[in-house]
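The structure appears right after this line, and notes come after that.
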Amino acid sequence: MTRQPLTVAVVGATGVVGRTMIQVLNEREFPVRELRLLASGRSAGRIISIDGQAHEVLEATPDAFDGVDIALFSAGADISLELAPEAAARGATAIDNSSAWRMDPDVPLVVSQVNPDDLQGHAGIIANPNCSTMQLVPVLMALRDTVGIERVIVDTYQAVSGTGADAIAEFEGQIRAHVAGEPKVATVYPHPIAFNALPQVDVFLDNGYTKEEWKVVTESRKILHLPGLRISSTAVRVPVFVSHSEAVHVETRDPITPERARELFAAVEGVVIQDDPATSTYPLAAEAAGRDDIFVGRVRTDPSIADGRGIAFWVVSDNLRKGAATNAVQIAEVLVERDWVRAASKRGASPYRADADERSPGARAANVVERVGAAAGERA
């Protein structure tokens, strides 16, 4: 990686994912000249200690992005919709962890080891996928590229940390109440999560799916470049602090054995196989917590699909790290390595022809730049 230091902003620096972003930047020795911690006005003035050094949290305002090279956003969709265009208009590249920009056709939605080339034509805003999608698509990519994918069914079992600090605190409080024989109070979720499983993650849509389930469908299609992929999901919130788990069933185009599937999965960067039924070895949420890998096990043939074209497996990953913060930092690393930190329109000579197709990366970038500039102008 090029070691020319950059000015990096973390928006939502006092939140669970924001704090993890700071930790991952430090662990991976990302080339930071200045680390600018931004949050709401309520959190401005707080002091966060990083490697023994005190950093004051500043209010996230448009002018706070002056001089910023990369801005990592984890402050919710409303803040991202308001401030990511402001950051981009000032020359920063915003890597956004919310759902605000993911399905915008002009904004790349990227998992670092799956579709990094999609970053090339970015216009200043890049979307980080939903945590459930994040751990799924690298494994599906291995099947797509070898035996093809016809259909996917994925059921997710999601940790409370995916909802944030309030959910973690409520979960802890419900455990204490249960031990004390007191009523368990629920305000974050519609029902108590302690010692329970809630088949509702996010709000319900008109089609009967929750928003979280539909994210897995639409985001997987976009990242894998499979717009017609048949995929269905059920998302369940479970009483686990950190790490999401997924039960995945895939109908492939060509036959595949469990042995071959394990080989394909293991060849993907960041994927670790844990699969020995004889010793009860399989991925566990508790053991995945604090790690950046995606763990796969319980790989087996799905006998409900004919001709050996069905495979089933279990996937676990830390939703705060690879599912959010680590992938955002890995995207930033790709941008640095390929000299794509600046938007395509600000890198000097454009790599795209002036007469390129209007849906080419260069044209898409120009479209976003125009919209970003307009958005900033409207708020001026």
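The values are calculated or read from the model by the stated rules, or taken from the named source; none is laboratory data. Here the structure is a predicted model, which means the values were calculated and not measured. Using ideal geometry, Cβ is built from the backbone for each residue, glycine included, and neighbour counts are taken over all protein chains shown.
Residue pairs whose Cβ atoms lie under 9 Å apart, sitting 6 or more positions apart in sequence or on different chains, and linking a residue in the stretch 327-344 that is of a type in the set (F, W, Y) to a partner that is modelled with pLDDT of 95 or more and outside any helix (DSSP H, G or I), are W340/T93; W340/Q120; W340/H122. If you take the residues of the stretch 265-291 that are touching a strand residue (DSSP E or B) at 6+ places or on another chain (Cβ under 9 Å) and touching a residue at least 60 places away in the same chain (Cβ under 8 Å), which of them is surrounded by the most Cβ atoms within 10 Å (Cβ to Cβ)? Restricting to residues being touching a strand residue (DSSP E or B) at 6+ places or on another chain (Cβ under 9 Å) and touching a residue at least 60 places away in the same chain (Cβ under 8 Å), the top hit is F265. Restricting T133, T156, T146 to residues that are within 30 Å of D307 (Cβ to Cβ), surrounded by fewer than 18 Cβ atoms within 10 Å (Cβ to Cβ) and among the β-branched types (V, I, T) narrows the list to T146. Counted as qualifying within the stretch 44-100 are the strands (runs of 3 or more DSSP E) with 2 or more residues that are in the same structural domain as D339 (by TED's automatic domain parsing) and surrounded by fewer than 21 Cβ atoms within 10 Å (Cβ to Cβ), namely 47-50, 53-56.
Out of curiosity, is E34 touching a helix residue (DSSP H, G or I) at 6+ places or on another chain (Cβ under 6 Å) and either surrounded by fewer than 14 Cβ atoms within 10 Å (Cβ to Cβ) or assigned to a helix (DSSP H, G or I) (or both)? I'd like the intermediate steps shown before the answer.
Values: touching a helix residue (DSSP H, G or I) at 6+ places or on another chain (Cβ under 6 Å): no; either surrounded by fewer than 14 Cβ atoms within 10 Å (Cβ to Cβ) or assigned to a helix (DSSP H, G or I) (or both): yes.
When the stated conditions are applied, E34 does not pass them.
Evaluating S317 against the criteria (1) of a type in the set (S, T, Y); (2) buried (at least 19 other Cβ atoms within 10 Å of the Cβ); (3) at pLDDT below 95 leaves one unmet condition, (3). V248 passes every criterion in (1) modelled with pLDDT of 95 or more; (2) within 16 Å of the chain's Cα centre (by Cα); (3) of a type outside the set (S, T, Y) apart from (2). All of A194, A169 fail the test of being farther than 20 Å from V250 by Cα, in a loop (DSSP other than H, G, I, E, B) and either within 19 Å of the chain's Cα centre (by Cα) or not assigned by TED's automatic domain parsing to the domain that holds V107 (or both), apart from A194. Scoring K222 on the criteria (1) crowded, with 17+ Cβ neighbours inside 10 Å; (2) over 27 Å from R291 (Cβ atoms); (3) basic (K, R) leaves a single failure, condition (2). In the stretch 129-162, what residues are part of a loop (DSSP other than H, G, I, E, B) and in contact with an Asp or Glu (Cβ under 7 Å, 6 or more places away or on another chain)? Within the stretch 129-162, P129, N130, V147, G148 qualify. Of the residues screened, T252 is one that is among the hydroxyl-bearing types (S, T, Y) and buried (at least 16 other Cβ atoms within 10 Å of the Cβ).
In the stretch 253-267, the count of residues that are of a type in the set (K, R), closer than 21 Å to D318 by Cα and assigned by TED's automatic domain parsing to the domain that holds G164 is one or more.
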